[in-house]
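Take a look at the structure below.
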Amino acid sequence: MCGIIGYIGGKTATPFLIEGLKRMEYRGYDSAGVAVLDAGAIATRRAAGKIARLESALAAAPIAGTTGIGHTRWATHGPPTERNAHPHLSADGTVAVVHNGIIENANALRAALRDAGYEFRSDTDTEVVAHLVQELFEGSLEDTVLAALAQLEGTYGLAVVSSRDPGKIVAARKGSPLLIGIGEDEHFVASDASAILAHTRQVVYLDDGDVAVIERNGYRVLDANAAPLARHVHKIDWDLAAIERGGFAHFMLKEIFEQPQTVENAMRGRLILEDGTSKLGGLNLSHEQLMAIDHIIITACGTSWHSGLIGKLMIEELCRIPVAVEYASEFRYRNPIVSANTLCIVISQSGETADTLAAMREAKRRGARTLGFVNVVGSTIAREDDGGIYLHAGPEIGVASTKAFTSQVVALALFALKLARKRGLSVTRGMEIAQALHALPAQIKEILDRAEQIEHIAEEFKRAPNFLYLGRGVNFPVALEGALKLKEISYIHAEGYPAAEMKHGPIALIDEMMPVVFVAPHDAVFDKVVSNVQEVKARKGNIIAITSRDEAALKGLVDYEFRIPETVDLLMPVLASVPLQLLAYYIAVKRGSNVDQPRNLAKSVTVE
Ligand code: F6R
């Protein structure tokens with residue numbers, strides 16, 4: 001979603017702003033702009049569409065100043081046009097604002113400002129902030145921004161510059177992430193660490209309610225009363241290579257191929273093979289608290305919700321504790337049953353998804369303990385949960401989530417294993433699962449080594465208008481995830497169903513035009529899946545099967561087959577999802593889609 005970058009230092013600001021915006025392109029956007037303090041006035045350049053158009057505007061009319069802010073916008077209030085692109089200027093042009101989030105009382109403020117004589121030039125909620133700062137300007141920019149914030153309702157990450165108080169950027173955070181980057185003789189503000197990683201790894205994450213004054217040689221963090229606050233300086237532990245494509249055609253392909261490593265990283269130092277359990281340092285749950293859990297709620301969105309479905313089956317099977325999996329967007333608005341012995345597991349790659357964060361806060365408010373299974377270190381969910389497990393998958397840039405998903409499933413397995421062993425799972429069974437986890441990285445590599453087989457299948461089906469994905473048990477969520485991947489990046493309509501449920505409706509869709517992907521490894525329900533395969537074949541469906549053995553029962557039924565190695569049933573999803581990621585990827589590429597930035601999608605959904 002929207003991205004914010006700000007630079008203040010001794011060099012020309014625009015190259016830093018453009019680079020930062022490009023590093024955040026993956027988040028999804030539809031217009032971009034910059035505002036720079038230049039020779040005592042603010043100059044802006046904005047453009048609808050890709051950053052390349054903003055670069056052309058800057059090339060045609062360069063700006064020279066050394067203090068500036070930039071933004072990529074993902075339209076919410078008003079269409080993605082140049083006039084709605086950020087930065088927005090105040091009526092007199094002395095204030096420029098970039099904003100992520102939503103100002104909920106924008107209509108009321110707009111009406112009041114109109115009465116005071118302000119004319120609005122955009123459809124955005126953000127423009128009210130620029131006029132409001134002009135209207136209230138008194139003393140310093142930070143004092144004025146603090147006064148303006150007192151009138152704002154809603155969520156924001158804001159960066160503001162003014163020609164009336166140059167030499168600083170004032171930033172404010174409420175519900176939308178922001179961080180300060182500390183460089184030498186220069187400082188940055190950004191909504192995403194990737195935007196500044198090329199220049200510094202020293203960052204300060206702002207908390208909700210913080211206002212920061214960022215200058216060339218320093219920064220201050222203030223509370224709502226302008227009192228100074230101490231904030232810890234963090235060191236980002238990944239480098240530039242992690243956010244570059246490294247020879248791969250797309251970030252998504254790079255991330256799919258990183259999975260042997262990322263799955264390994266998710267387990268590093270955590271798996272205890274000899275005891276058949278795991279060591280999870282960050283749970284912040286005592287032995288007594290772990291033993292007292294009588295109900296688990298897993299809440300998440302999208303792909304993370306799919307890993308939650310797998311987590312449910314793992315936890316129920318191994319720990320015998322009932323688990324409910326809830327869409328975060330639904331959970332937050334109903335009246336869920338939560339007690340002091342309820343554990344709420346929140347799964348999120350970004351750690352910033354607005355619905356997931358709100359669901360976690362709601363569970364907390366109702367007395368549950370919360371655990372965040374999060375990838376982005378320092379993200380809001382990671383900072384607000386009671387404890388958790390970092391996924392350690394490294395930055396995921398491709399909009400379609402791949403490596404984060406497999407790491408989530410592994411993290412859930414580690415958690416289920418630990419809890420189960422405490423609650424009576426035998427050491428033998430624990431060791432079997434631990435060994436199986438340990439073997440996963442090499443097994444994923446073995447699948448990836450045969451990626452061209454999937455590419456061949458993709459070639460056959462690249463023109464299909466619809467796809468059906470079917471699986472049973474723990475592989476039903478894999479079917480859902482396979483279908484989601486395909487529709488996200490190839491725009492082919494795809495559905496995931498429990499294989500046996502198909503005959504209660506979707507079977508009507510099957511004819512010789514319909515490709516049906518069966519996730520059918522040799523597990524406890526394999527024979528049942530074979531019956532479902534027969535039902536599809538009898539209606540002339542085109543069958544692609546993800547299997548794990550040379551199955552006599554499938555002879556003559558399956559049109560295309562891809563074999564995955566075998567593991568314990570509960571971990572099959574980690575292996576079975578990889579060929580489905582590749583299938584979606586290759587089909588999308590063959591159809592000419594923009595795989596890393598699919599239409600309408602944002603990497604991190606920070607609005608409701
Ligand atoms: C799908 C995808 C989304 C996210 C969802 C939750 O490929 O990426 O469905 O999984 O928006 O995002 P996080 O995990 O960041 O909370």
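Laboratory data are not the source of any read-out in this text; all were calculated from the coordinates shown. Bear in mind the structure is a predicted one, so any value in this text is a computation, not a measurement. We place every Cβ from the backbone using ideal geometry, glycine too, and count neighbours over all the protein chains shown.
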Next item on the list: Output the Cα-based Rg and Dmax of the stretch 48-158 in Å, rounding Rg to one decimal and Dmax to a whole number.
Entry: 14.2, 40
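Can you give the convex hull volume of the alpha carbon atoms of the stretch 146-265 per residue, in Å³? Can you show the working numbers first?
On the way: hull volume 17.2 nm³, N = 120.
Looking at the stretch 146-265, the number lands at 144 Å³ per residue.
Considering only DSSP beta bridges whose two residues both sit in the chain, what percent are antiparallel, to the nearest 5? Can you show the working numbers first?
Details: 61 of 101 bridges.
Around 60 percent antiparallel, to the nearest 5.
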Notebook entry, point to check: What is the extension gain from A108 to E244, computed as 0.36 nm multiplied by their sequence separation minus the C-alpha to C-alpha distance, in nm to one decimal?
Noted result: 44.6 nm
Notebook entry, point to check: Debye sum, Cα scatterers, the stretch 131-209, no solvent: what log₁₀ I/I(0) at q = 0.17, 0.23 1/Å?
Noted result: -0.71, -1.09
Checklist line | In Å, descending, principal axis extents of the Cα set of the stretch 1-103 | finding: 33, 29, 23
Notebook entry, point to check: Can you give the extra length, in nm with one decimal, that the chain gains between A64 and K540 once fully stretched, where that is 0.36 nm per residue apart less the Cα-Cα distance?
Noted result: 164.8 nm
Item checked: Coil-residue chymotrypsin sites (Phe, Trp or Tyr not before Pro) of the stretch 318-361, DSSP, other Cβ within 10 Å capped at 16 -> Y333
Notebook entry, point to check: Where in the chain are the DSSP H helices whose C-alpha atoms run 27 Å or more along the long axis and whose mean Kyte hydropathy is at least 1.0?
Noted result: 572-590
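At a 10 angstrom cut-off on C-beta neighbours, averaged per residue, how do the peptides 220-231, 22-33 rank from highest to lowest? Intermediate results must be reported in sequence, preceding the final value.
Working: 220-231: 12.7, 22-33: 24.1.
Result, highest mean first: 22-33, 220-231.
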Next item on the list: Name the long-range amide H neighbours of D38: under 5 Å, sequence gap of 5 or more, or other chain; modelled H, no Pro or chain starts.
Entry: A43
Note to self: Viscosity 0.692 mPa s, temperature 37 °C: give me the Stokes-Einstein translational D for the stretch 3-236 in µm²/s, with Rh taken as the Kirkwood radius over C-alpha pairs.
What the structure shows: 192
Margin query: If you average 1/r across every pair of different Cα atoms in the stretch 545-608 and take the reciprocal, what Kirkwood value do you get, in Å?
Written below: 14.6
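Counting DSSP beta bridges in the stretch 91-240, what percent are antiparallel, to the nearest 5?
Details: 32 of 33 bridges.
Counting DSSP beta bridges with both partners in the stretch 91-240, the antiparallel share is about 95 percent.
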Next item on the list: Please compute P(r) over all alpha-carbon pairs of the stretch 243-315, binned at 10 Å starting from zero, and give each bin as a whole-number percent.
Entry: 14, 30, 37, 15, 4
Next item on the list: May I ask you to list the trypsin sites (Lys or Arg not before Pro) in the stretch 427-528 that are in a DSSP loop and have at most 15 other Cβ atoms within 10 Å of their Cβ?
Entry: R450, R463
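For the chain, what D do you get in µm² per second when you plug the Kirkwood radius from alpha-carbon pairs into Stokes-Einstein at 4 °C and 1.567 mPa s?
Numbers: Rh = 25.4 Å.
Taking Rh from Cα pairs, D becomes 51 µm²/s.
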Item checked: Dipole of the chain, positive end: most advanced residue of G101, A552, T200 [Cβ charges, Cα centre] -> A552
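Taking the Cβ-Cβ separation of D185 and T76 as r and a Förster radius of 56 Å, what is the calculated FRET efficiency to the nearest 0.05? Walk me through the intermediate numbers first.
Details: r = 37 Å, r/R0 = 0.65.
E between D185 and T76, to the nearest 0.05, is 0.95.
So which of K403/K485; K312/K487; K485/K528; K462/K503; K503/K528; K254/K487 end up more than 23 Å apart by C-alpha? All intermediate terms of the calculation are to be shown ahead of the outcome.
Values: K403/K485 12 Å; K312/K487 25 Å; K485/K528 26 Å; K462/K503 26 Å; K503/K528 13 Å; K254/K487 20 Å.
Violating the 23 Å Cα-Cα cut-off are K312/K487; K485/K528; K462/K503.
A147 to A552: FRET efficiency via 1/(1 + (r/R0)^6), r the Cβ-Cβ distance, R0 56 Å, to the nearest 0.05? Please report the intermediate quantities before stating the final value.
On the way: r = 77 Å, r/R0 = 1.37.
About 0.15, to the nearest 0.05.
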Checklist line | Whole-Å distance, taken between Cα centres, linking the stretch 86-126 and the stretch 502-541 | finding: 55
Checklist line | Options L419, M267, T303, ranked by Cα towards positive dipole end of the stretch 263-444, top entry (Cβ charges) | finding: L419
Next item on the list: Measure of size requested: the Rg and Dmax of the stretch 263-444, with Cα atoms as the atom set and Å as the unit; please supply both.
Entry: 15.1, 44
Notebook entry, point to check: What is the spread of the Cα atoms of the stretch 465-504 along each of their three principal axes, largest first, in whole Å?
Noted result: 26, 20, 7
Next item on the list: Given the peptides 283-293, 534-544, arrange them by the average over their residues of other C-beta atoms within 10 Å, most packed first.
Entry: 534-544, 283-293
Check: Under the classification rounded if a/c is under 1.5, otherwise prolate if a/b is larger than b/c and oblate if not, where does the stretch 451-590 fall, given a ≥ b ≥ c as square roots of the Cα gyration tensor eigenvalues?
Finding: rounded
Margin query: Can you compute the modelled spin-label distance between Q453 and L229, with each label point 7 Å from Cα toward Cβ, in nm?
Written below: 5.4
Check: For Y491 and A41, what is the calculated FRET efficiency with R₀ set at 41 Å and r taken between the beta-carbons, to the nearest 0.05?
Finding: 0.35
Checklist line | Calculated diffusion of the stretch 358-416, Stokes-Einstein form, Kirkwood radius summed over Cα pairs, 20 °C and 1.002 mPa s, µm²/s | finding: 175
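Which peptide among 586-592, 12-18 comes first, and what is the full order, when sorted by highest mean count of other Cβ atoms within 10 Å? Don't jump to the answer; show the numbers that get you there.
Numbers: 586-592: 19.1, 12-18: 21.7.
Top of the packing list down: 12-18, 586-592.
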